[in-house]
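The values are calculated or read from the model by the stated rules, or taken from the named source; none is laboratory data. What you see is a predicted model, and the numbers here were worked out from it, not measured in a lab. No Cβ is skipped: glycine too gets one built from the backbone with ideal geometry, and neighbour counts run over all protein chains shown.
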């Protein structure tokens, strides 16, 4: 300490002192700049590197690569909260999200307060569907860390794809780019936000810029392909999807192409891409799951079930296909219900229920047992009902896969007239004879006179 004081008091050391002061200032400034981004708490430097790469892939919408790196990161550091949260965000099913949330919550008090806020934000966004609450937390963190582009990205995604306000989202994507010019994913997000808002010229401008800045990312081409499908430019779409395939080793480019064609009613082209996936990756359960998902979407439930079963032969623990198989079997049962309704076959409808199944119609006592259920529907046929159309909106598969909950819409017809329409909830139960209705409740959309 005495030597340091002598150094500063010696007038002949002016240049050295100036250098020392500049070094201190630059070190402090470097620390301050680094402090302007969200902390990343982990005991492993390799896990940190994997997380940073994974987060970039996630914002490029390349989920498979992101998941692989995140799984590697939590293997290197089992207490890595931010990695668990991003796995939660990339998970398709609620049971998976709850699993990763619990793992993150276990280590809440080992991380910074800001990362604890991230736990709360991800819970609000991905478990509780409290999107405004999630936005509030992300905004607080974004204000606290004004150089972090990812926080602005989280905010924009919530606005566009959850609150359907893509114009507000675009402001945050632009802010993310302003914060970090290397955040080229921002142009991809801007393009897809414009696409969501059907501003196709704006979307094309941003997606072309993204493709030029990220030529090695397959999604740069796939997003353009999606744009061209939506605007009926199918030859151009095909070129972009083929370019996407050259840059993708995971099969997701084919899925993206197939998904785009499927959503735009080009089912023949969609099926072709999904089948190509299987020919190229015959041992990948995901390839069969993609094709099964296409059949599920187009209500070809038997074909869907076949593909999900093939996926499970390859990987019996492939959770996506296990849950999708349940959805396809419920779809088959619903088709049998509609067919029996057209044939006025109350006995077949009753056979679709468990032995202790119940109907819970509005304004009536529960109707229990096969005979009572059969009589209920026979009375409706005698009253003039001739047809039923069921539209599944959601299916939640229980963690034990012994029960499932379906939410949907129904339309009953009498001849060519609509007799009633409304919504329903069915609890399904797995039995030795297959999936059967266990509880069935529905309510009309029409005003019921007292």
Exercise. How many residues are part of a helix (DSSP H, G or I), within 23 Å of the chain's Cα centre (by Cα) and over 22 Å from residue 437 (Cα atoms) if we restrict to the stretch 310-326?
Worked result: 4
Exercise. Consider residue 77 against the criteria (1) buried (at least 20 other Cβ atoms within 10 Å of the Cβ); (2) closer than 30 Å to residue 191 by Cβ: it satisfies all of them except one. Which criterion is unmet?
Worked result: (2)
For this session: Could you please find all residues in the stretch 292-326 being within 14 Å of residue 271 (Cβ to Cβ) and in contact (Cβ under 8 Å) with a residue 24 or more places away in the chain?
Result: 292, 293, 294, 295, 296, 297, 298, 299, 304
Exercise. How many of the residues making up the stretch 80-110 are surrounded by fewer than 21 Cβ atoms within 10 Å (Cβ to Cβ), modelled with pLDDT of 95 or more and part of a loop (DSSP other than H, G, I, E, B)?
Worked result: 1
For this session: Scan 329, 336 and give me the residue that is assigned to a helix (DSSP H, G or I), buried (at least 18 other Cβ atoms within 10 Å of the Cβ) and under 32 Å from the mean Cα position of the chain (by Cα).
Result: 329
Exercise. Which one of these does residue 49 not meet: (1) surrounded by fewer than 20 Cβ atoms within 10 Å (Cβ to Cβ); (2) within 24 Å of residue 187 (Cα to Cα); (3) within 21 Å of the chain's Cα centre (by Cα)?
Worked result: (3)
For this session: Filter the stretch 378-421 down to residues that are farther than 16 Å from residue 333 by Cα, more than 23 Å from the chain's Cα centre (by Cα) and surrounded by 14 or more Cβ atoms within 10 Å (Cβ to Cβ), then give me how many there are.
Result: 12
Exercise. Which of the residues belonging to the stretch 230-277 are part of a loop (DSSP other than H, G, I, E, B) and closer than 20 Å to residue 67 by Cβ?
Worked result: 247, 248, 249, 250, 251
For this session: Give the stretch 339-352 a look and list any residue that's part of a helix (DSSP H, G or I) and closer than 15 Å to residue 378 by Cβ, or say none.
Result: 340, 341, 342, 346, 347, 348, 349, 350, 351
Exercise. Looking at this structure, is residue 264 over 24 Å from residue 435 (Cα atoms), crowded, with 23+ Cβ neighbours inside 10 Å, at pLDDT below 90 and more than 19 Å from the chain's Cα centre (by Cα)?
Worked result: no
Problem set entry | Looking only at the stretch 278-288, and only at residues there that are assigned to a helix (DSSP H, G or I) and more than 21 Å from the chain's Cα centre (by Cα), the one that is farthest from residue 252 (Cα to Cα) | 279
Problem set entry | Check on residue 297, surrounded by fewer than 20 Cβ atoms within 10 Å (Cβ to Cβ), at pLDDT 90 or above, under 21 Å from the mean Cα position of the chain (by Cα) and over 19 Å from residue 220 (Cβ atoms) | yes
For this session: Look at residue 128 and say whether it is modelled with pLDDT under 95 and at negative phi.
Result: yes
Problem set entry | Spans of helices (runs of 4 or more DSSP H) in the stretch 130-229 with at least 1 residues under 20 Å from the mean Cα position of the chain (by Cα) and touching a residue at least 12 places away in the same chain (Cβ under 8 Å) | 131-144, 149-161, 166-179, 185-196
Exercise. Which ones in the stretch 27-56 are in a helix (DSSP H, G or I) and at pLDDT 95 or above?
Worked result: 45, 46, 47, 48, 49, 50, 51, 52, 53, 54, 55, 56
